[in-house]
Every structure is written in C-alpha cells, then in structure tokens.
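Worksheet: the structure to be examined is printed underneath.
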Amino acid sequence: MELTGRIALVTGAAKGIGAEITNGLLKKGAKVILTDINMENLISKTNEFREEGYDVDSKLLDVREEQQVIEAFKWIDEKYGRLDILVNNAGLSPKVNGIRRNTHDIPTSEWDTVLDINLKGTFLCTREALPLMQKGKWGRVISIASQAGRTGSRVSGTHYSASKAGIIGFMRTLATEYGTFGITANSIAPGPIETDLLYINDSGKIDTYIKNIPVGRLGKAQEVASAVTYLCSVDAGFINGATIDVNGGLFML
Amino acid sequence: MGILDGKQVLVTGGARGIGFEIAKKMAGEGAKVFVNDVKDEILDIAVTELLKAGFNAEGYKADITDEEAVAKMFHIIEKKGGLDVLVNNAGLSIRGVHALRTGTVEHDVKKVTEIGLMDWNGVLNINLTGTFLCTRAAVPLLKKSNNGRIINMSSRAGRAGGSVSDIAYVTTKAGIIGFTKQCAIELGAYGITANAIAPGVIMSEWLKDHWENLSNERQETLLNSIPLKRTGEPQEIANICVFLASDSSSYITGTTLDANGGSYLS
C-alpha cells in the first residue's frame, strides 16, 4: 500500500477530522501514533482502531505544553527511531451555545488558548518532529488550516481566523527550509465540514449557507482525510508550501 | 485495480510531454483514455505506446480551436460510453505557436513588443478558446457521470509571471484560473468539480530543449529559487491529475493546485 512502512503522528486524533485523518492514513498502510488532550477519547479511539486490526500507538498530549511535546517526540525517537509524517490537526474554535464571540467580547484567556493550541502547538510539534524526519531523509508536515484563515469567517471568531492564517504563513516558510531534506510542508484549508466545530444553531441559517456552496452540500471529514493522505504520498512530492482548499468551491483563491 | 477503474477520460494535447504523461498515468490507474492531439504522427506513436503497455486508449485527431471538430469529437466520445473526466491540457506558448505555424524553432522568449498579432491570437485560441470549446461540449456528458471532473492546466506563470514565459502564455494561464472558478460555481449543482493545476518548472520535452540553452549560472539561479532545489517531472503533474480525477478529491472544487516545489506560495 501507498503508505506501508510510514510512521505518522496525528494531533487531536481522537475525534472529528483528526480521527478521520488517522483512519485514512491507517487504510493506506501507515502506522499511526494518535495523540489527544482527552484521555478517555484517546483510549477509546485507539482501541477502536486496534480492534479493526490497524497498527496504532497513542500518547496523551497537550500540544501547548513544551515539556510534554519534547517528551512525546523523545519517546517516539526511542521507540521507533524516526517519524515520517506529522499532521498538525489539533485545533480549537470556541463557541458559546454554537455561536462565536464577537471580538469585543473575547476574553484574553480565550484568545491565548486558541493561539496556544492552534499556533504554538503546531510550532512545538513541528520543531520536535523535524529532527526525526531528517533521520529518515523524508518527511511530510501537514497542518490543518481553515477557510477562515484564507478569507474571513461568519461562524468562527477572530482568534480562530488569526491562528489559521498564521498556520498558512508558518507552513510556507517551513517549506523553504527543509526541501533539500526531502521534507515537504503543506496546509489543508477545509471549508464547511460536518463536524462538531461547525455547529450552527439554526436550520434556516444552515440552508442559506449551503445554497452558497457550489457543490450544494457540506463536506465530510473523510474528504479532508483523503487530501491529507494524498499529500503524504510519494506522488505529491513536488507539492510544497501549498494550501489545498477543501471547501466545495465556497471560497476560491 | 486502479483508482480510476471504470472512468472515461479525455486528455487534450495528450500525445506528448505532460499531456502524454497524464494519459499514461490515468490509463495505468484503470481509466479508458481518449487521447486528443492535433498532429497525426505523434498521436499514433502515443496511442501505440499506451496500447502496447496494455492500457485502454484511443486516439482522436482534432484541432480544439475548431468548433465543429470539437463537436464531432465529443459526439464520438458520447457514442463510446460518455465521459467522466475532461483534462484540458492542450496549450502552447508564443514559441510553440510560432513553431507550429512556421516550422522554425526560436529559443528566445519574446517580450510584449516583439509579439505579432497572429502568434498572440494563436496562443489565446488554443489555451483559452480551446479550453472553452472542449468544456462546453463536455458538460452534457459530464452531467451524466456520477463524478464529473474538469481539470484545467494553468501554470505557475499564470500566478506570478516568470522569466521563461511569454506574456500571451501568462495571460491565458491566469485566464484559466478564472475560467475554472466560474465552472466550479456553475457546474457544482450537477456534481461536477472543476480545478486547475499550476505547475512550476517542469522538465518536459519543451523545457529540456530550452533548458540546454540557458547558461549554467541561469540554471543555478532558477534551481535556487525552488525550495526543493530541483525541477519537477511531468509524472508529478500527472500524479496530481489522478488525484483530482479520483473520488478522493470530491469536495475540492474551484481550486488551483500549485505543483512548483515551493517556488511560488499562494
């Protein structure tokens, strides 16, 4: 299979898009290390995959905590000696009863939490993963950005948009640094995907929203996962520094 | 078993270069590939090679700038079972159009003030009008497919201009991006997606020829502007075509996928 022999790590892997990305990588033959901040979800998701016969490992990880991240990657180095694929998926988009806070209502603590998870977490995991990828002279760093970071958003807050636009900038510069080591860096920018994060508390609103999507429907988490597995393949080797939009045509750049 | 099993594909300008690699790769993934080109001789060679490899391929000679010829080609494809994927690959630069018209190959890239109207029209006709004519004729067939796909060939040059491209080519390749977006908007309701690919410096037959005429210093400067420090291979563009044609890309539409090793980041 396409990813047989590859070792991958997915952050925020226990739920939603992260779980589907993990599933997609496993189906293509990769070994996947699931990490998540929620122990209960992590254990049950890991067991689920293991029962299906997949090659999985797991590590409880809060991507904001430098020491935890350093230790997690040290553990991977000791156990596996390298890492081929990192998917920076862990992310947060705070809502109150399904509705974002407008900027004048965002407490500093909420702003910090979003930037810590979405941006600092991506930085820390990437920094610690790169030496392990250089060992194998091959690597794929894929970060989940968002349509909210490509344009604006009507459903998520400014902290979320700022962090996701930040991810795109981070990945572009990363792409210029490690190309000669066979390591590519790309982002995926999902649009409206059916997950818990896209919760609009009004069915009339949802209908109007869907009318604006050229393909006439919301996306599925699997459709984000299939873009990730494609970027992980050898076939995608000349794609570097790119942002792949998976949004049904809702925003086209 | 290939990921394009059961799909019928048309690749325009598919007899040579990147187009041929696309045809080969898609056929290798199980698709039936209709290979279109304007030149008989190279079309025969291409189709023979595909058939020899055991692939399902058929050649169609047609000038895609000729409205009637395009209509005929799609009429035949419809009779042969329809179409799932249209790859609008056929395209030329001023240099290519000039060579096609006069039979003489020039190495210098012409600047705006040096371009004759006939060559300008030639580039616009093939790259834009040809794409329009093929797309218009393909849509009724793609509507009958469950997963209709339009894949257009743009270029890094259409994103950012470039020192090895002429202005007519750059204009059309930027135009392709707009064309692709509007296709996505208009055809999404029929389950048809439309995407463009924007290749960077790819070592195609065309470029090989040009590359050898560049000084070592120029070559080095070009390579240094690419984070991956190498040119791309035609196969790497074909790989992306396969992805966009496959069911894996079902929620991706209206995008322009950059395959440039990181030399332009959009």
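The values are calculated or read from the model by the stated rules, or taken from the named source; none is laboratory data. What you see is a predicted model, and the numbers here were worked out from it, not measured in a lab. Positions of Cβ are backbone-derived with ideal geometry, glycine not excepted, and every protein chain shown enters the neighbour counts. Remember, those area values only see protein heavy atoms, side chains included, never the ligands or the DNA or RNA. Shrake-Rupley method; radii C 1.70, N 1.55, O 1.52, S 1.80 Å.
So which residues in segment B:210-227 are open to solvent by less than 20 Å² (accessible area, probe 1.4 Å) and within 11 Å of chain A (Cβ to nearest Cβ), if there are any at all?
Going through segment B:210-227, the residues open to solvent by less than 20 Å² (accessible area, probe 1.4 Å) turn out to be B:210, B:226-227.
Those that are open to solvent by less than 20 Å² (accessible area, probe 1.4 Å) and within 11 Å of chain A (Cβ to nearest Cβ): B:I226, B:P227.
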Odd one out for A:L26 among (1) surrounded by fewer than 24 Cβ atoms within 10 Å (Cβ to Cβ); (2) out of contact with any Phe, Trp or Tyr (no Cβ under 8 Å at 6 or more places or on another chain): (2)
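Can you say whether B:A174 is open to solvent by less than 10 Å² (accessible area, probe 1.4 Å) and not basic (K, R), as far as the supplied structure shows?
Working: open to solvent by less than 10 Å² (accessible area, probe 1.4 Å): no; not basic (K, R): yes.
In short, no.
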Residue list for segment B:5-36, filter: out of contact with any helix residue (DSSP H, G or I) (no Cβ under 7 Å at 6 or more places or on another chain) and either open to solvent by less than 10 Å² (accessible area, probe 1.4 Å) or on the phi > 0 side of the Ramachandran plot (or both): B:G6, B:G19, B:G30, B:A31
Unique match (being open to solvent by 10 Å² or more (accessible area, probe 1.4 Å), touching a strand residue (DSSP E or B) at 6+ places or on another chain (Cβ under 7 Å) and within 14 Å of chain A (Cβ to nearest Cβ)) among B:G191, B:G200: B:G200
A:K137 within 28 Å of A:F181 (Cβ to Cβ) and touching a strand residue (DSSP E or B) at 6+ places or on another chain (Cβ under 8 Å): no
Of residues in segment B:228-239 being open to solvent by less than 10 Å² (accessible area, probe 1.4 Å) and more than 7 Å from every other protein chain (Cβ to nearest Cβ), the one farthest from B:K208 (Cα to Cα): B:A238
Members of segment A:108-144 found to be open to solvent by 50 Å² or more (accessible area, probe 1.4 Å) and part of a loop (DSSP other than H, G, I, E, B), listed by number: A:K137
Only listed residue being in contact with a helix residue (DSSP H, G or I) (Cβ under 7 Å, 6 or more places away or on another chain), more than 9 Å from chain B (Cβ to nearest Cβ), buried (at least 23 other Cβ atoms within 10 Å of the Cβ) and not basic (K, R), chosen from A:N186, A:N247, A:N240: A:N186
Test: residue in segment B:115-128 that is more than 19 Å from the chain's Cα centre (by Cα) and not in a helix (DSSP H, G or I): yes
Conditions (1) more than 8 Å from chain A (Cβ to nearest Cβ); (2) surrounded by 16 or more Cβ atoms within 10 Å (Cβ to Cβ); number of the one not met by B:S249: (1)
